[in-house]
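The values are calculated or read from the model by the stated rules, or taken from the named source; none is laboratory data. Here the structure is a predicted model, which means the values were calculated and not measured. Here the Cβ positions follow ideal geometry from the backbone for every residue, glycine too, while neighbour counts run over all protein chains shown.
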Amino acid sequence: MAKKKAARRSRTAGPGRAGHKHVYFFGGGKADGNRNMKDLLGGKGSGLAEMTNAGLPVPPGFTISTEVCNIYYEQDRKIPANIDKEIAENLKKLEKSAGATLGSNDNPLLVSVRSGAKFSMPGMMDTILNLGLNDESVEGLKRRTQNGRFSFDSYRRFIQMFGNVVLEIPKEAFEHEFEEVKRARGVKLDTDLDENALREVVERYKKVVQSRTGKAFPQAPGAQLTMARDAVFRSWMNPRAQEYRRIYDIPDHIGTAVNVQMMVFGNTGDRSATGVGFTRNPATGKKEFYGEFLINAQGEDVVAGIRTPQPIRELEQVMPKAYKQLREITTRLERHYRDVQDFEFTIQDERLFMLQTRSGKRTGYAAVIIATDLVAEKLVSPKDAVLLVDPESLSQLLAPIFDTAEWKKIPAATRGLPASPGAASGQVVFTADDAVEWANRGKPVVLVRRETVPDDIHGMFVAQGILTATGGMTSHAAVVGRQMGKPSVVGAGELEIDEKNHVFRVSGQTVKEGDFISFDGLSGEVKIAQVASKPSEILQVLNKTLDAKKSDIFQRFEKLLSWADKFRRLGIRANADLPDQAELAYAFGARGIGLCRTEHMFFGEGRIPIVQRMILATTEVDRRKALDELLPMQRDDFYGVFKAMHGSPVTIRTIDPPLHEFLPKREELMVEIARLEATGKQGRELEEKRKLLARVEQLHEFNPMLGHRGVRLGITYPEITEMQTRAIIEAACRLNKEGLKIVPEIMIPLVGHVKELKDQKTVVDRVAEETMKAQGIKIKYLVGTMIEVPRGAMTADQIAEVAEFFSFGTNDLTQLTFGFSRDDVGKFLRIYQEKKILDKDPFASFDADGVGPVVRTAVQLGRKTRPGLKLGVCGEHGGDPASIHFFEKVGLDYVSASPYRIPVARLAAAQAALSVKVGD
Ligand code: PEP
Ligand code: MG
């Protein structure tokens, strides 16, 4: 009964229905929303609400919730009348609070209409400022402000922005008219245009609108607002916003909110300004007030990178009172949110207004510095600090840096602002599309732009680094570069870039497309040369070429990860095949090997001929001869790997790939034979090649991934399993005799039927027994299996009768559950993503919806048979933060990742443990 009632209530009161709240007001010290409502109000909306509630000077306004964005798309890009009514009511309230009326002739209210999703997407969506101006209200504004120049400048900006964003007229159409007026009047700077000139610009702009759309510029403020609101919702689906979401794994369905807020003006004259800033340096993490501002300018001028703004410290000289207040407020905000804040402000006639606050995006480097500083300052606990750092960003700290000696040898050609740290060296390209094309051809590229615009995102993504001629530390290139962890230098004003002819000139040199340049994102220096880089500080310490005590960042990195280790439940192991990889993984904090792919050892120096002899053998006797040669080599490898793990568990997998992978390619052999025949060469070489080709033909498979590989090899050639077992047990016996207790875990791949495993376990147990006897020592070892074939997962209860541990091979499990070939998926995956059939690449980020239940079933069935069954994952997903959340939830014991992903996995495992409960 109660259930029925609840269902009825939700039908009548859900999003879109009358009675459900869709619009949230803020103003006069009180807001409907708060900081915890990011899902509904977006980051900007919830920040504005929170600041209003805290009594900060925020211009009043209202937020149309993200639910309305979804309704807009569900209802064929229309907003239902009841929501329109709610917006109208809030507009009335806003007019009352502002003491001005939208469209009024004598006291007009002007508003901004801005997007704001839960996650910030800098520059990706649209904004409209100065809305409410028309031919009459502009005169009203002039009367109120006694400033005709300002009023008409605001009007022309509005028509331009509205024309571009809402009416989709290219910016150039307006810029052309603007330049014409400037030229006719013989002025250089925008600010040199007087009221009359700007009146003329307005008239010309209106004509552009008329001719491009066939309609006059809309004069009714109500219509302007509706059209602007819909344009912001539309911008949620523009290609660059979609691309951004794809890169950052932001789901499409969360939608954007729309914030309608009373305008305040940073462009009323020299007593006004606008700016953005951070409470700490987002590139280096340093505790310093950081940002920039422009006098007599409007919001977007600062971030657009058109004018290079002044550092925020200089505001202290120009407007000391407002500066002091800004410092006080932002310090308060940092304490309140207990994290670095990224804020926007406007000063109108020396009066400060806060327009936004949110957690500041930062580089991986800065994230570690800030998190450890905030703990030292007692602003946050170690647990909070662990949650403050994006695990993925830690990999930036492992990126290479320039060799200082090499770097110093080359003179700097110029210097720009150091926007995002890291060493970048590559070939110059001038457009984002070229960057992608060159990168696809395997070239390292540096994207050089006059200024980057949000549309460049795909090129920035593939570039080694981004260099721009204009813009400040908060320009688009800087913000996005930092977030991507791409080295970036911006505002290198001496660069004369000729984008059309694909060259730039600097300090007397001409640099063409394809020439090498290098720059340092930490110092801002740019050099025209290719400069070799060297390992990051962290790696230098781990390689013992730098003393840990001399590296501040290493110490902080260690500290943060040691906190993470306290909170994580999942064990962290590494996928490593060779002793040096194992050592690095151990140094990074892995405590165990989750997967040692033994076949990789076959590719070691001088081994391939022996492996080929083993494969070419036509009798078991000959095969054993080759295997006997391999045995000592494998044993020494295993010895090294065990030793590097200092007694932590090591899982060694028996041979997996199909044998043809160790032989030359069929086509190459055919060409070789034809060549030898054509040159009349007979004899041994030709004979051997023909023999090889015959075996290659025999081993040829139509679908090798589903072919003769994994356990199937061990079953057909048990002598391979025998040799590998002997090598493992001999290495372990030797170490045990030396005093290092090793419990090897022997893992059989690609098992789909319990009898496959039984077959191999019999071989392993027999050989282990013989070997131990011969060695005169008894050691403990485990035999387990990979779960990577769906049948294996669905019969995990039977398999667990034999297996002493499971390790999920999510690469093959994904392949076999989807039926997507791991090697061929690239041909269509991109189209699947574009068509929204798949959000993410399931081979990179685990598909919890489809492959998830297969893993979950295997976990449950396996543990039903063997309650203490050890469970891990060794597919690529073991190093992916989102996937790690799933493995935490499903209750695995450990994840195994490649050595460089170990720090990421440690932190992600801690975050997963802090935010999910096993069994959720
Ligand atoms: C897997 O399939 O997930 C796995 C780890 O094995 P491989 O990638 O070697 O097939
Ligand atoms: Mg596999």
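Restricting the stretch 798-811 to residues that are within 33 Å of the chain's Cα centre (by Cα) and modelled with pLDDT of 95 or more, the residue that is farthest from ligand 2 (Cβ to nearest atom) is 806.
With respect to (1) loosely packed, with under 15 Cβ neighbours inside 10 Å; (2) within 16 Å of ligand 2 (Cβ to nearest atom); (3) under 23 Å from residue 392 (Cβ atoms), the lone exception for residue 830 is condition (2).
Scanning the stretch 135-149 for residues that are of a type outside the set (Asp, Glu) and either surrounded by fewer than 20 Cβ atoms within 10 Å (Cβ to Cβ) or touching a helix residue (DSSP H, G or I) at 6+ places or on another chain (Cβ under 7 Å) (or both) returns 138, 141, 142, 143, 144, 145, 146, 147, 148, 149.
Might you check whether a residue that is surrounded by fewer than 21 Cβ atoms within 10 Å (Cβ to Cβ) and acidic (Asp, Glu) occurs anywhere in the stretch 629-640? Checked against the condition, which is being surrounded by fewer than 21 Cβ atoms within 10 Å (Cβ to Cβ) and acidic (Asp, Glu), the stretch 629-640 yields at least one hit. Set side by side, the residues 761, 778, 773 differ, and just one is farther than 30 Å from residue 819 by Cα, among the charged types (D, E, K, R) and either buried (at least 22 other Cβ atoms within 10 Å of the Cβ) or touching a helix residue (DSSP H, G or I) at 6+ places or on another chain (Cβ under 7 Å) (or both), which is 778. For the stretch 610-658, give me each residue that is among the aliphatic types (A, V, I, L, M) and within 16 Å of ligand 2 (Cβ to nearest atom). Matches in the stretch 610-658: 652, 655. Looking at 846, 887, 828, which one is over 30 Å from residue 543 (Cα atoms) and without any contact (Cβ under 8 Å) to a residue 24 or more places away in the chain? Exactly one of 846, 887, 828 is over 30 Å from residue 543 (Cα atoms) and without any contact (Cβ under 8 Å) to a residue 24 or more places away in the chain, namely 828. Quick one: in the stretch 485-512, of everything that is buried (at least 21 other Cβ atoms within 10 Å of the Cβ) and out of contact with any helix residue (DSSP H, G or I) (no Cβ under 6 Å at 6 or more places or on another chain), which residue is farthest from residue 527 (Cα to Cα)? Per the criteria, the residue is 486.
Within the stretch 814-827, none of the residues are more than 33 Å from the chain's Cα centre (by Cα) and either within 16 Å of ligand 1 (Cβ to nearest atom) or of a type in the set (Val, Ile, Thr) (or both). Counting just the residues of the stretch 864-884 that are surrounded by fewer than 24 Cβ atoms within 10 Å (Cβ to Cβ) and without any contact (Cβ under 8 Å) to a residue 60 or more places away in the chain, which one comes out farthest from ligand 2 (Cβ to nearest atom)? It comes out as 867. Listed by position, the strands (runs of 3 or more DSSP E) enclosed by the stretch 437-521 that each have at least 1 residues that are charged (D, E, K, R) are 445-449, 496-498, 503-506, 509-512, 516-520. Test residue 893 against the stated conditions and say whether it is away from ligand 2 (no atom under 16 Å from the Cβ) and touching a residue at least 60 places away in the same chain (Cβ under 8 Å). Here the answer is yes, as residue 893 does meet what is asked. Take the conditions more than 25 Å from residue 542 (Cβ to Cβ), small (Gly, Ala, Ser) and buried (at least 17 other Cβ atoms within 10 Å of the Cβ) and apply them to residue 910. Does it pass? Considered against the rule, which asks whether it is more than 25 Å from residue 542 (Cβ to Cβ), small (Gly, Ala, Ser) and buried (at least 17 other Cβ atoms within 10 Å of the Cβ), residue 910 comes out as no.
Screening the stretch 738-754 for residues that are in a loop (DSSP other than H, G, I, E, B) and away from ligand 2 (no atom under 15 Å from the Cβ) and picking the one that is nearest to residue 783 (Cα to Cα) gives 743. A single member of 625, 550 is closer than 17 Å to residue 726 by Cβ and of a type in the set (Lys, Arg), and it is 625.
All conditions but one from (1) under 29 Å from residue 787 (Cβ atoms); (2) more than 16 Å from ligand 1 (Cβ to nearest atom) apply to residue 675; the one that does not is (1).
Of 242, 298, all but one fail to be over 24 Å from the mean Cα position of the chain (by Cα) and not acidic (Asp, Glu); the exception is 298. One residue stands out among those in the stretch 697-728 that are of a type in the set (A, V, I, L, M) and farther than 17 Å from residue 602 by Cβ: the one that is farthest from ligand 2 (Cβ to nearest atom), which is 715. Taking helices (runs of 4 or more DSSP H) as the structural unit, those lying wholly within the stretch 343-425 and holding at least 1 residues that are at pLDDT 95 or above and surrounded by fewer than 21 Cβ atoms within 10 Å (Cβ to Cβ) correspond to 364-376, 382-388.
In the stretch 583-593, the qualifying residues are those that are in contact with a strand residue (DSSP E or B) (Cβ under 6 Å, 6 or more places away or on another chain) and over 15 Å from residue 398 (Cα atoms), and the one that is surrounded by the most Cβ atoms within 10 Å (Cβ to Cβ) is 590.
Report every pair of residues separated by at least 6 positions or lying on different chains whose Cβ atoms are under 6 Å apart, first residue within the stretch 448-470 and closer than 14 Å to residue 526 by Cβ, second among the small types (Gly, Ala, Ser) and outside any loop (DSSP other than H, G, I, E, B). Qualifying pairs under 6 Å: 464/424; 464/426; 465/424; 466/477; 466/481; 466/488; 468/477. If you go through the stretch 581-602 and pick out every residue that is free of Cβ contacts under 8 Å to residues at least 40 places away in the same chain and either under 27 Å from the mean Cα position of the chain (by Cα) or more than 16 Å from ligand 2 (Cβ to nearest atom) (or both), you end up with 1. Scanning the stretch 694-708 for residues that are farther than 22 Å from residue 625 by Cα and either among the basic types (Lys, Arg) or more than 15 Å from ligand 1 (Cβ to nearest atom) (or both) yields 697, 700, 701, 702.
Meeting the requirement of 3 or more residues that are of a type in the set (Val, Ile, Thr), the helices (runs of 4 or more DSSP H) wholly within the stretch 30-118 are 66-74. Report yes if some residue within the stretch 645-657 is away from ligand 1 (no atom under 16 Å from the Cβ), out of contact with any strand residue (DSSP E or B) (no Cβ under 9 Å at 6 or more places or on another chain) and within 29 Å of residue 574 (Cα to Cα); otherwise report no. Scanning the stretch 645-657, I find at least one residue that is away from ligand 1 (no atom under 16 Å from the Cβ), out of contact with any strand residue (DSSP E or B) (no Cβ under 9 Å at 6 or more places or on another chain) and within 29 Å of residue 574 (Cα to Cα), so the answer is yes. I'm checking my understanding of the structure. Among residues of the stretch 783-795 that are touching a residue at least 40 places away in the same chain (Cβ under 8 Å) and away from ligand 1 (no atom under 16 Å from the Cβ), which one is surrounded by the fewest Cβ atoms within 10 Å (Cβ to Cβ)? Selected residue: 794. Going through the stretch 796-813 one residue at a time, which ones are assigned to a helix (DSSP H, G or I) and more than 14 Å from ligand 1 (Cβ to nearest atom)? Once the filter is applied, which keeps residues that are assigned to a helix (DSSP H, G or I) and more than 14 Å from ligand 1 (Cβ to nearest atom), the stretch 796-813 yields 796, 797, 798, 799, 800, 801, 802. When 757, 693, 735 are screened for being out of contact with any Gly (no Cβ under 7 Å at 6 or more places or on another chain), within 16 Å of ligand 2 (Cβ to nearest atom) and in a helix (DSSP H, G or I), only 757 passes.
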